[in-house]
1. In nm², what is the average projected area of the convex hull enclosing the Cα atoms of chain D?
2. What is the mean number of Cβ atoms from other protein chains located within 10 Å of the Cβ atom of each residue in peptide C:156-166, rounded to a whole number?
3. Of all DSSP beta bridges in chain A, what percent run antiparallel (nearest 5)?
4. Report the semi-axes of the equivalent ellipsoid for chain A in whole Å, largest first, where each axis is √(5λ) for an eigenvalue λ of the Cα gyration tensor.
5. In Å and whole numbers, how far do the C-alpha atoms of the stretch D:141-196 stretch along each principal axis, longest first?
6. Arrange the peptides D:195-204, E:102-111, D:110-119 so that the one whose residues have, on average, the most other Cβ atoms within 10 Å appears first.
7. For A:LYS144, what is the net charge nearby, where nearby means another residue's Cβ is under 13 Å from its Cβ and Lys, Arg count +1, Asp, Glu -1?
8. From the residues E:ILE197, E:PHE158, E:GLN57, which one has its Cα farthest along the dipole of chain E in the positive direction, the dipole being from +1 and -1 charges on Cβ of Lys/Arg and Asp/Glu about the Cα centre?
Amino acid sequence: SGFFNSPSMIEVRIGCLDNDLHQLALHVAIANGYFEQNGIKIKLFSYSSGPTLMQSFLAGDLDFAYVGAPPAINGRAAALAGSSSNIPVIVASVNLEGSTLVTSSAISSISDLNNKVIGTPGTGTIQDILLSTFILNNNLTVTKSPALISTLPILFSNGEINGFIAWEPVPSVAISQSGAQVLLTSHDLMPNHQCCVLVASNKIIASNPAIVTKVVQIHKNATDYINSNPASAKLIAGNYTQLSQSVIDIAFSHVAYNYTVNVDSMKTFLLQMIQLGTVTTVNSSQVDSFIDNFVDTSYG
Amino acid sequence: MLDLDVTIMPKMDRFRSVLIGVASLAVFVVAWQAITMATNSPFLPTPVQVFQAFLKISTIGDIDGYTLWWHIGVSLYRVLLGFAVAVITAVPLGLLMGVKPLVKNVASPITEIIRFIPPIAWIPLSIILLSGINRYIFLLWIGIFFPILLDTIAGVKRTSETQVNMAKSFGADNTAIIKKIIFPSALPEIMNGLRVGLGVGWMCIVAAEMMGGEPVGLGRLILKYANLLQIDVVVLGMVVIGLIGLAMNYLLLSGERRLFKWRVEIKA
Amino acid sequence: MLDLDVTIMPKMDRFRSVLIGVASLAVFVVAWQAITMATNSPFLPTPVQVFQAFLKISTIGDIDGYTLWWHIGVSLYRVLLGFAVAVITAVPLGLLMGVKPLVKNVASPITEIIRFIPPIAWIPLSIILLSGINRYIFLLWIGIFFPILLDTIAGVKRTSETQVNMAKSFGADNTAIIKKIIFPSALPEIMNGLRVGLGVGWMCIVAAEMMGGEPVGLGRLILKYANLLQIDVVVLGMVVIGLIGLAMNYLLLSGERRLFKWRVEIKA
Amino acid sequence: MIIAKGLSKSFIAGNDTISVIDNLDLTIDEGKFACIVGPSGCGKTTLLKILCGLEKQTSGSMLIHGQPPDPKKQRFGVIFQEDSLLPWLNVISNVKLGLELYRIKDADQIATKYLDMVGLEGFEKYYPHQISGGMKKRVAIARALAVDPEIILMDEPFADLDAQTRSIMQKELLSIWSKLNKTIVFITHNVDEAVFIGQSVSVLTKRPTKVKTTVSIDLDYPRSRLSPPFISYRERILGLLQEEISSL
Amino acid sequence: MIIAKGLSKSFIAGNDTISVIDNLDLTIDEGKFACIVGPSGCGKTTLLKILCGLEKQTSGSMLIHGQPPDPKKQRFGVIFQEDSLLPWLNVISNVKLGLELYRIKDADQIATKYLDMVGLEGFEKYYPHQISGGMKKRVAIARALAVDPEIILMDEPFADLDAQTRSIMQKELLSIWSKLNKTIVFITHNVDEAVFIGQSVSVLTKRPTKVKTTVSIDLDYPRSRLSPPFISYRERILGLLQEEISSL
Ligand SMILES: Nc1ncnc2c1ncn2[C@@H]1O[C@H](COP(=O)(O)OP(=O)(O)OP(=O)(O)O)[C@@H](O)[C@H]1O
Ligand SMILES: Nc1ncnc2c1ncn2[C@@H]1O[C@H](COP(=O)(O)OP(=O)(O)OP(=O)(O)O)[C@@H](O)[C@H]1O
Ligand SMILES: [Mg+2]
Ligand SMILES: [Mg+2]
């Protein structure tokens, strides 16, 4: 790769989450050499949770990030509340839906969830918000069990939790390894909701809008590739998640790879986050303008 | 106490040192307030904001409705359980390893490798192997066990040969020697190990609670609010952990002072 | 060395104890193999699987293509940098705090609270306040600083008053006393602090690398594969951390032994 | 009756073997006050440890009433050269230690009696670090005597006392001995002390040690340090010892 | 010329004030060998520390050639009661320490010379833990002498030596003194030693201490311990001391 290391290459710093199938487009772009082809050398930073990624983003470590919508919202709200000079802007969608609530076979209906323990990948994640809202709306008594994402399948197979909600491919691992069943998908909880987004820093937008356009285009090309060549995309996914194709097949059926941002669902999320108390610096009357300013899909 | 310039009287000295300590803390807090107000970063809470967070979490509770006292209680409970298990296992093993070279030769290759593996690294395995409170106990035990074990062995090794010979000259058998000479003689080191171990255990609680499961505990509180980017509560959690650690250390230290009046060195 | 039943000769003894140690490790590995084969859990790797993982990661590399040696090198680099900063800050402050009660009175209320806040709890703040390698250095520094500081102070306190008086009787000023008496006299404790601190720092690397960002480092390797639920590599990472920690400890310990031949107690 | 015959002892230190006692013969009759003097490092303490069974000889025999020494079967009262009080026990508990190890009843009462005998009434509750070196030695003596031992073994018990206190303690020890009538083996490097206190003084050679000469001191108690026969005994033993030191 | 006038010293320990020296007068002429004896704990070491400026008196005056003592301006050679060798330095480096602190040139050569004087040639590279207690004291003496002090202060330097070595050291010290002709203040609790070695013996009272009597010893060197005047000096000073001890 030293061959490409010519001075004309521009380096951009991109953050992503460990082992996340939602962010397949990034890995496809890397595997297919899209960045090099566009004269971009990327430096990849990987985090085990969205909130940590956002902290790092706001500290100025990253130019772009693939991250879940709620951490991005939290990050922007925090940045605007203070005088942070690194403000995230959503430039494209990464995927819609993609979270799955899997349970043991003993739970076959929504009412069965009553008085059960359901794992989540942590406070403030999209899955946490989806589940919390669902519990509220259905008047259920559910104990949420926040845990490291990678431990959820183990907790489930040990029988310590009756089910969990997480991003792919983790639920599919539990389905194939421990006989978990899909109780609800994102689609059931909130159809077509925004999941991961591609954010750019306001600094790179200001200093080099051309590179933002290129990155968004690469992202769109990669997303198109996934949708038109699912078989090769699944092979790439298998490479970085180290999972068998059968697990990836299950996971794929739960994720919609789509670069068009679902702005309405973002507003719904923000409203729910304000209600749940996870966002404290924005009030409900500011939701529309907050999200409208957040999303700028004019690049690429 | 070694002191190159003793200029003031002992009584005044003590009063003065408390005064200086309080002043120093005050200056620290004021500087913190000034710096955070100047930077005005959403991630750098002022002491006032941390205090407000304290009021909120200690009365209304956190986002899941658990109050600070509940978090503290649960964390303390976990740490003390882990501590108890560590004491019960480490002290007898340490005495045995100190007294019987055979036991030491058998055990030490394994303990020596394990003791450098940090508690966080055990999280995946502990989740697989254990469940519920046992998992917390295990992770805390991993952290607390080794300081106690090493100090117990060190205490045994420091036992005076003359004292053991003295007991033998009165016909004492091995059990009597351990009970009457080695254990009491190693007790200061053991107590020191307990204190250090409890401190380490208390510091492991964040790691232990990170693996998750239940939504309470000070470590969990920190993580929850770190996820929400509400750093005021994160700093509150840090300060509470620091203060409780300090208090536990102080309690054990003054216990030691009382217990080991006979030990002149401890005053140093 | 205290030993209730000395039954065998020193030379034989040494050979025998190595033999017993090796046998003990062998039994441990065999038992591990037997248990994991019997349970046959996808999450409990056998030693053979861990060894296969070692072969793979050390030659082909991990899923991002980084070999084990690369991970080890980066982690060591981070730890040693944090260690260096901790030594440079903790030793002079410890000497000052030991010698000047005023400095101690000013600094200790703050250091005493901070020292019980675990490195992991600093992760959110360190991400916000620092960037790049400085972040790692800070988290490791937080872990390493206090053992060195406390041991340096303890070393200073243990300085013999007679030795200081002796130097004073030759007209020595404060600088000379610190240089000629206090520092060399505290050096064994300082070295002990360095060793303990390096061990703690090495154990903090998993916490420090957990915050994420760059994809290399042993802590990162463990987390990557914990996320992938491939526990064989997780266990490999644990064993490697344990062995390197052991090796560093051993190196420093034998350095101490050589340096402090004059200190008869160290042989105990 | 203590009989050592052809007693030898060597230690293994690293790769070397140090011969400390070599073919030593010694007989001490029952009820006698026997002093042993010898150059520093010659093996006096080693001999005492063999005498009470703390060390085993490499060859030869050491018999007490025909039995090899074993503190589980015979009772010794050993006063060690180093401080052997337990610092975490107060004075009376230290004295009671031997009594408790031998499960002797009325330990409190006996301990008090012997503490009085060594002049430490009123110091029962003091801890070792609160009393002077001389007082510590007296506690050790009380502890040794309290178990009513068959044989008392003392290893330079008065070495760290100043001249005045030392002389008082010597007289006290003599009066205790005349009351109890036990066998006492008293090790010292102070010839003046040995001649003042012992019925016999055995001079040991330098290491590896054996008995050079045993001088029987035929003087009545109390002895005067300024009397000509005292001075001549002293000079004679000093001379014997000097030969050993100067040939080092 | 050392002159103490109305010297008093008290310490504050916790809430108590301990008066250690009370209105002490003492004069020592230049070049003299002055011994000081006193009961244990009376304040001898405290007096010595005031003499070399390590402690300040509470009231009264202590003047050396008309100046208050200050080791930064005057040179003292102090031999402390406790072991004061630096265990991490070998014998020769220990002796060089004072020379280095005073930035005296040719430290190696001077140190070697004084080590030879105290009979330690060949032990330069040994560490303190490898030599005996008596040898350590001799190193401390060499270190003190090496800086060519105006006044030599010795605090019970021979207390932990056995009688034989002690007597050899006393003779050596006398011969060094007669060669160098320095003022020596020699503290001891051993009356025999004081009479053997000193031109004067000042007896201190119990605490709070002052000078009870200064006895001038008008005997030529070398002195014989068995000569009647020696014994009578000894008995007289012992008697003076006994009064202080028995009235404790
Ligand atoms: N356990 C041991 N291992 C090796 N050598 C030993 C051991 N115990 C004693 N020695 C050696 O035996 C010799 C005699 O020691 P011992 O303590 O019997 O002498 P001592 O006559 O009591 O001397 P002192 O007058 O100094 O008390 C010494 O050279 C010592 O180094
Ligand atoms: N720094 C101090 N603080 C409080 N008390 C002290 C201090 N130094 C000495 N003393 C007290 O002063 C008294 C005299 O002590 P000093 O060491 O001068 O006695 P000494 O005559 O040298 O005794 P010894 O013969 O045992 O060496 C003792 O009672 C001691 O407790
Ligand atoms: Mg001895
Ligand atoms: Mg003194």
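We did not get these values from a lab; they are worked out from the coordinates using the rules stated. Note that the structure is predicted; figures quoted are calculated from it, not measured. Quick reminder, even Gly has a Cβ in these numbers, built from the backbone with ideal geometry, and neighbours come from all protein chains shown.
1. Result: 13.9 nm².
2. 6
3. Here the share of antiparallel DSSP bridges comes out near 55 percent.
4. 31, 24, 15
5. Between the extreme Cα coordinates on each principal axis of the stretch D:141-196 lie 29, 19, 18 Å.
6. Packing order, densest peptide first, comes out as D:195-204, D:110-119, E:102-111.
7. -1
8. Of the listed residues, the answer is E:GLN57.
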